[in-house]
Amino acid sequence: MIQDIYPHKLRNEFRPDAKAGPDDLVMPWNGKAFLAAADFEKESLTYPKVSELKAGPNGLVYLFSIDAAGYYLLRCEAETKPEDVLANPSGYAFHTLQDLRRSRLEPRLNVYAAFTAYHLADWYDANRYCGWCGAKSAYDKAERAMRCPVCGKIEYPRINPACIIGVTNGDKLVTIRYRQGYGGMALIAGFTEIGETLEETVAREVMEEVGLKVKNIRYYKSQPWGIAADILTGFFCDVDGDDTIRIDENELKQAAWTTREEIEPQTLDYSLTGEMMQLFKDSKWPRE
């Protein structure tokens, strides 16, 4: 999955004393895309170093470290060009997260950095102003938070819990295709609502999307997914009783019981959904 960068290690603890060194990496962000050198033919992805910035380390916000390298956010205006940021902009361009996940790029840890930085950058943008009094918020100096200097309201990074669900019936698995967005084969998924457990989310989403009751709900694995500020939780479960699929046509264009031979592997091994479908295809999914 996207976060599987071993032997490299993400260090996401907040460091109020972090100071960018010349070899640390910068992720300039224009509100929609990151400035990076992405070579899709050579399958490589690099970010500029602090030493390459025209303005030096001014305005950098510490994000996280991977191994010994610090990654810093540099917020730019929407119309910013590479030459406005870098002394030598050759090979650099602003790329959306969707651009960077379309094909395999190396090192993998830099793709994961984009997913994680996107989560934080989008959160920072959404909390520039206090939601209570409207004053301009400031970076908190003690923790990862935005603090209102007027009324004191504190906002922390938002993480949305969601479930990926593999519903099984013997040697068949429910697969779906969404009516909008991602067009490939997928699994039932949905966000946890206020007041419910993850297991209740599983049962509700399956009933809502394909009209099935389930039993033997069992946790498999989790995954951070910065695209939607998610923490994805993977579950397998068994159909309970009637296995007739009744599709939610507002959300899905297809849902079916699929055999292992019919499973379409995803092109990239980035997602929890892809891993779970591959487990089923290989007959290695947890049955109990």
For residue 35, the lone unmet condition from (1) under 23 Å from residue 127 (Cβ atoms); (2) at pLDDT below 95 is (2)
Being surrounded by 14 or more Cβ atoms within 10 Å (Cβ to Cβ) and in a strand (DSSP E or B): is that true of residue 38 here? yes
Residue among 84, 99 that alone is farther than 21 Å from residue 41 by Cβ, outside the structural domain of residue 229 (by TED's automatic domain parsing) and either among the acidic types (Asp, Glu) or not in a strand (DSSP E or B) (or both): 84
Within segment 271-284, can one find any residue that is among the β-branched types (Val, Ile, Thr), assigned to a strand (DSSP E or B) and in contact (Cβ under 8 Å) with a residue 40 or more places away in the chain? no
What residue, among those in segment 202-228 that are over 17 Å from residue 273 (Cβ atoms) and among the small types (Gly, Ala, Ser), is farthest from the chain's Cα centre (by Cα)? 211
Please find, among 214, 239, the residue that is touching a residue at least 12 places away in the same chain (Cβ under 8 Å), touching a Leu at 6+ places or on another chain (Cβ under 8 Å) and under 17 Å from residue 166 (Cβ atoms). 239
From the set of residues in segment 46-70 that are among the polar types (S, T, N, Q) and in a strand (DSSP E or B), which is nearest to residue 146 (Cα to Cα)? 65
Just checking, does segment 169-187 include any residue being exposed (fewer than 15 other Cβ atoms within 10 Å of the Cβ), within 21 Å of the chain's Cα centre (by Cα) and closer than 30 Å to residue 133 by Cβ? no
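Conditions tested, residue by residue: (1) over 17 Å from residue 113 (Cβ atoms); (2) surrounded by 13 or more Cβ atoms within 10 Å (Cβ to Cβ).
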| position | (1), (2) |
| --- | --- |
| 13 | no, no |
| 29 | no, yes |
| 45 | no, yes |
| 48 | no, yes |
| 55 | yes, no |
| 60 | no, yes |
| 73 | no, yes |
| 79 | yes, no |
| 82 | yes, yes |
Qualifying residues in segment 84-102 (those that are under 16 Å from the mean Cα position of the chain (by Cα) and of a type in the set (S, T, N, Q)) - the one surrounded by the most Cβ atoms within 10 Å (Cβ to Cβ): 96
Within segment 118-143, count every residue that is closer than 24 Å to residue 97 by Cβ and touching a Pro at 6+ places or on another chain (Cβ under 6 Å). 1
Filtered residue count, segment 15-27, keeping only those that are over 22 Å from residue 88 (Cα atoms) and surrounded by 16 or more Cβ atoms within 10 Å (Cβ to Cβ): 1
When you scan segment 249-262, do you find a residue that is surrounded by 19 or more Cβ atoms within 10 Å (Cβ to Cβ) and assigned to a helix (DSSP H, G or I), even just one? no
Looking at 214, 239, 206, can you tell me which residue is crowded, with 17+ Cβ neighbours inside 10 Å, in contact with an Asp or Glu (Cβ under 7 Å, 6 or more places away or on another chain) and not charged (D, E, K, R)? 214
If the Cβ limit is 7 Å and pairs must be 6+ apart or interchain, which residue in segment 32-54 that is within 17 Å of residue 101 (Cβ to Cβ) pairs with which residue that is modelled with pLDDT under 95 and among the basic types (Lys, Arg)? 43/104
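The values are calculated or read from the model by the stated rules, or taken from the named source; none is laboratory data. Computed from a prediction, not measured in an experiment: that's the story for all the values here. Neighbour counts run over all protein chains shown; Cβ positions are idealised from the backbone, glycine included.
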